[in-house]
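The values are calculated or read from the model by the stated rules, or taken from the named source; none is laboratory data. Because the structure is predicted, anything quoted here is derived from the model rather than measured. Counting neighbours? That spans all protein chains shown, and the Cβs are built from the backbone with ideal geometry, glycine included. The protein model used for the area step is the full one, side chains on, heavy atoms only, and it has no ligands, DNA or RNA in it. Shrake-Rupley method; radii C 1.70, N 1.55, O 1.52, S 1.80 Å.
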Amino acid sequence: MPATKTIAILNGPNLNRLGKREPEVYGSATLDDLEDQLQAEAVPLGVNLVFYQSNHEGALIDKIAALADAGIHGIIINPGGLTHTSVVLRDALAGTGLPVIEVHLSNVHKREEFRHHSFISGIAVGVIAGLGFSGYSAALHYLVDEI
Ligand code: DQA
């Protein structure tokens, strides 16, 4: 039996406000609902999940480095608005050498022009946008098969 693998589910700025924030775009379910759903899915997959959300770029970067140093196996991240602005977040993710999947609840390509560019996509294994919580689930299933 192989050792249990660990995947981090990271959410960036404003995703703590899921359920309250622009529900017509992001839905009415909360971040707790998302984490509960993913945790339930992780059990039969035999994978350990670590959850982290921050509104602060530096806090996310420190957490990414700490998780990498702790020996996790993959990262699923919704960087929120940092997607479109953050070279340092990209560098932190690339620096882990871990497989990264970028997830967006909304279809960023259907929205404002400034959301069409991602600093993260170029270092990600894959990108999922527009599938709501199902995007995180798909990313989880993919990573469990790959790591
Ligand atoms: C988002 C899309 C981003 O453009 C936005 O800034 C977010 C959420 C999404 O999940 O659709 O905060 O990443």
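So the values come out like this:
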item	result
Members of region 93-118 found to be touching a Leu at 6+ places or on another chain (Cβ under 9 Å), open to solvent by 20 Å² or more (accessible area, probe 1.4 Å) and within 23 Å of PHE51 (Cβ to Cβ), listed by number	THR96, LEU98, PRO99
Search result, residues across region 51-80 that are assigned to a helix (DSSP H, G or I) and within 15 Å of the ligand (Cβ to nearest atom)	GLU57, LEU60, GLY80
Of all residues making up region 1-37, the number that are assigned to a loop (DSSP other than H, G, I, E, B), open to solvent by 70 Å² or more (accessible area, probe 1.4 Å) and not charged (D, E, K, R)	6
Hey, ALA40 under 20 Å from VAL100 (Cβ atoms), open to solvent by 50 Å² or more (accessible area, probe 1.4 Å), of a type in the set (A, V, I, L, M) and part of a helix (DSSP H, G or I) or not	no
Residue in region 117-137 that is in a helix (DSSP H, G or I), within 14 Å of the chain's Cα centre (by Cα), more than 20 Å from GLU41 (Cβ to Cβ) and within 14 Å of the ligand (Cβ to nearest atom) present	yes
